[in-house]
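A single structure is presented below for examination.
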Amino acid sequence: MADNLRPESLQRITTPELAKDFIDEQIAALRNQIGGKKVLLALSGGVDSSVVAALLIKAIGEQLICVHVNHGLLRKGEPEQVIQVFKNQLGANLIYVDAVDRFLNKLVGVSDPEQKRKIIGKEFIDVFAEEARKLDGIEFLAQGTIYPDILESVGVKAHHNVGGLPADLRFELVEPVKFLYKDEVRIVGLALGLPESMVFRQPFPGPGLGVRCVGAITRDRLEAVRESDAILREEFAAAGLEGIVWQYFTVVPPFTSTGIKNGKRTDDWMVIIRAVNSIDATSATIEELPYPLLYKIRDRILSEVAGVNRVLYDLSPKPIATIEYE
Ligand code: XMP
């Protein structure tokens, strides 16, 4: 446990200068730990794994092998951004795995939320393990563990933990940001040159859009979630709310309602908008969005997203509601 306590000598990182010092120290420590060996990293594009990747690219360059698994439940543009930033800009050794069909086929007809999470988690481990087995000479596994993950053994992330890699793939761990809090990880990310849109990303659940396409996932309803989420994010960014509102997304429940279009009755889905503020996800309040913004988002969703005839704004705080719908 002593290994898992933040060292008293580690100063709180509050400025770019302190972040640079941390980065220099970590680069030296990583080179010392890893030597000439190879390191594997599952790079989701989330803040933590992205910062670890950028740090390791600086420290050991091509000895780092990043694997980005596209499970089909990522937000619009995310896989492209990972490739653009890490492969094209930072020159990372990046393996992109298109596992969309594999995940979505496994999820057909599965409506129980915990079952969905288990399938997504297990499939992720399987895909990652298959990629790891194709590679020779890997000795280390890098992870974006941060200090709250260690402290909150019964916290938000813990109950979503689906277990680790199989026994034959138990590599030595490399966890360079494990003593940092999220705000410190972000400052380090900026100092490493990662784009703000990556560093200040809102929290995004591991099972991704899978828990926002409520019930049994279908490809067309999943696209309605993805497209409406992209519109919401675009309009929040245009309104200056990016990085201000803690978490905002859309949800599409698995039932339809009646509408009318071109004089004909429709039977289509509804998109629910959720925008909440929170400190640590244990409770949340509702963002008071201005009506003109809500109308703009509504108009775009109703005209641009196929199969949708209704837009709702969820006013429920946590508790009594949870942030996600399942
Ligand atoms: P709830 O819905 O429990 O969500 O109020 C609290 C926070 O946790 C996120 N969340 C998840 N994160 N895997 C994750 O990594 C999950 O399965 C999961 N479910 C919820 C949620 O987005 C919110 O920030």
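The values are calculated or read from the model by the stated rules, or taken from the named source; none is laboratory data. Computed from a prediction, not measured in an experiment: that's the story for all the values here. All Cβ positions, glycine included, derive from the backbone under ideal geometry; neighbour counts span all protein chains shown. Note: accessible area is taken over every heavy atom of the protein model, side chains too, but ligands, DNA and RNA are not part of it. Shrake-Rupley method; radii C 1.70, N 1.55, O 1.52, S 1.80 Å.
The conditions are (1) modelled with pLDDT of 95 or more; (2) within 16 Å of the ligand (Cβ to nearest atom), and residue 131 fails exactly one of them. Which is it?
Status for residue 131: all satisfied but (2).
Give 242, 288, 326, 304 a once-over and let me know the one that is charged (D, E, K, R), within 16 Å of the ligand (Cβ to nearest atom) and open to solvent by 30 Å² or more (accessible area, probe 1.4 Å).
The match here is 326.
Mind checking whether some residue in segment 55-62 is under 30 Å from residue 126 (Cα atoms) and assigned to a loop (DSSP other than H, G, I, E, B)?
no
Moving on to the next point. Among the residues of segment 157-207, write down those that are loosely packed, with under 15 Cβ neighbours inside 10 Å, among the aliphatic types (A, V, I, L, M) and at pLDDT below 95.
Within segment 157-207, 158, 167 qualify.
Does segment 52-69 contain any residue that is under 19 Å from residue 207 (Cβ atoms) and touching a residue at least 40 places away in the same chain (Cβ under 8 Å)?
Within segment 52-69, one or more residues are under 19 Å from residue 207 (Cβ atoms) and touching a residue at least 40 places away in the same chain (Cβ under 8 Å).
I'd like to check something: does segment 214-226 contain any residue that is assigned to a strand (DSSP E or B) and either surrounded by 15 or more Cβ atoms within 10 Å (Cβ to Cβ) or away from the ligand (no atom under 16 Å from the Cβ) (or both)? Before the answer, list the steps.
Step one: of segment 214-226, the residues assigned to a strand (DSSP E or B) are none.
So far as segment 214-226 goes, no, none of its residues is assigned to a strand (DSSP E or B) and either surrounded by 15 or more Cβ atoms within 10 Å (Cβ to Cβ) or away from the ligand (no atom under 16 Å from the Cβ) (or both).
If only one of 74, 90, 104 is over 16 Å from the mean Cα position of the chain (by Cα), under 24 Å from residue 228 (Cβ atoms) and open to solvent by 10 Å² or more (accessible area, probe 1.4 Å), which one is it?
104
Looking for something among the hydrophobic types (A, V, I, L, M, F, W, C), within 16 Å of the ligand (Cβ to nearest atom) and within 24 Å of residue 223 (Cβ to Cβ) - is there at least one such residue anywhere in segment 263-273?
Of the residues in segment 263-273, the ones among the hydrophobic types (A, V, I, L, M, F, W, C) are 269-273.
Right, trim to within 16 Å of the ligand (Cβ to nearest atom) and you get 272-273.
Next, from what is left, pick out any that are within 24 Å of residue 223 (Cβ to Cβ): 272-273.
Within segment 263-273 (the criterion being among the hydrophobic types (A, V, I, L, M, F, W, C), within 16 Å of the ligand (Cβ to nearest atom) and within 24 Å of residue 223 (Cβ to Cβ)), the answer is yes, since at least one residue qualifies.
For segment 245-275, give me each residue that is surrounded by fewer than 17 Cβ atoms within 10 Å (Cβ to Cβ) and aromatic (Phe, Trp, Tyr).
255, the sole residue that qualifies.
Hey, another quick one. Could you count how many residues in segment 107-137 are open to solvent by 20 Å² or more (accessible area, probe 1.4 Å) and β-branched (Val, Ile, Thr)?
Total satisfying the criteria: 4.
Pairs needed: first member in segment 299-326, in the same structural domain as residue 247 (by TED's automatic domain parsing) and at positive phi; second member anywhere, more than 11 Å from the ligand (Cβ to nearest atom) and modelled with pLDDT of 95 or more; C-beta distance under 7 Å; at least 6 residues apart or different chains.
Pairs that qualify, where the first residue is in the same structural domain as residue 247 (by TED's automatic domain parsing) and at positive phi and the partner is more than 11 Å from the ligand (Cβ to nearest atom) and modelled with pLDDT of 95 or more, are 307/220; 307/224; 307/268; 307/269.
Any idea which residue in segment 312-323 is nearest to the ligand (Cβ to nearest atom), counting only those that are open to solvent by less than 50 Å² (accessible area, probe 1.4 Å) and under 11 Å from residue 274 (Cα atoms)?
Among residues in segment 312-323 that are open to solvent by less than 50 Å² (accessible area, probe 1.4 Å) and under 11 Å from residue 274 (Cα atoms), the one nearest to the ligand (Cβ to nearest atom) is 323.
Looking only at segment 22-40, which residues are under 11 Å from residue 142 (Cβ atoms) and part of a helix (DSSP H, G or I)?
The answer is 30, 33, 34.
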